[in-house]
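We did not get these values from a lab; they are worked out from the coordinates using the rules stated. Note that the structure is a prediction, hence the values are computed from the model and not measured. Positions of Cβ are backbone-derived with ideal geometry, glycine not excepted, and every protein chain shown enters the neighbour counts.
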Amino acid sequence: MMEIQACAVEVVDEDQPRYRIGKVAAMVQLHPQTIRYYESIGLISPRRVRGRIRLYSERDVARLRQIVELTQLGVNLAGVEIILRLREQISVLQLEIERLRAILGAESPPPSEPEQL
């Protein structure tokens, strides 16, 4: 018989601050000063703990990766900001569409069979 082993799956809170700037810099291959600059112009907002220590979440790291990808494509930082804001708006609107479809699906009767001739 085949033996099935259970393994624990870690659920990661994408907003949980967990990485210091040095680790994040290595993860996204940016200089820490570049990451600080992106923070100063509002592209990212890490959490501050114990005074001045920045901690970055998985969501922050993903956002930095998007910034790197866009800048490598030649998009300037003003364009990056607009693109990221539009992507966020699209995500919010997609969730709203899904919510409205669920409401409409719950309210409408099931589709009937087409009539046979």
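What the table shows:
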item: Members of segment 40-61 that are farther than 20 Å from ALA26 by Cα, aliphatic (A, V, I, L, M) and part of a loop (DSSP other than H, G, I, E, B); result: ILE41
item: Pair list, Cβ < 6 Å and 6+ apart or interchain, from segment 38-51 residues that are surrounded by 13 or more Cβ atoms within 10 Å (Cβ to Cβ) to residues that are part of a loop (DSSP other than H, G, I, E, B); result: TYR38/ILE44; ARG47/PRO17
item: Pairs with Cβ under 7 Å, 6+ apart, first in segment 52-79 and in contact (Cβ under 8 Å) with a residue 40 or more places away in the chain, second assigned to a strand (DSSP E or B); result: VAL61/TYR19
item: Residue within segment 65-87 that is surrounded by fewer than 13 Cβ atoms within 10 Å (Cβ to Cβ), polar (S, T, N, Q) and in a helix (DSSP H, G or I) present; result: yes
item: Members of segment 26-59 that are within 25 Å of ILE83 (Cβ to Cβ) and touching a Leu at 6+ places or on another chain (Cβ under 9 Å); result: MET27, VAL28, LEU30, ILE35, TYR37, TYR38, ILE41, LEU43, ILE44, PRO46, ARG47, TYR56
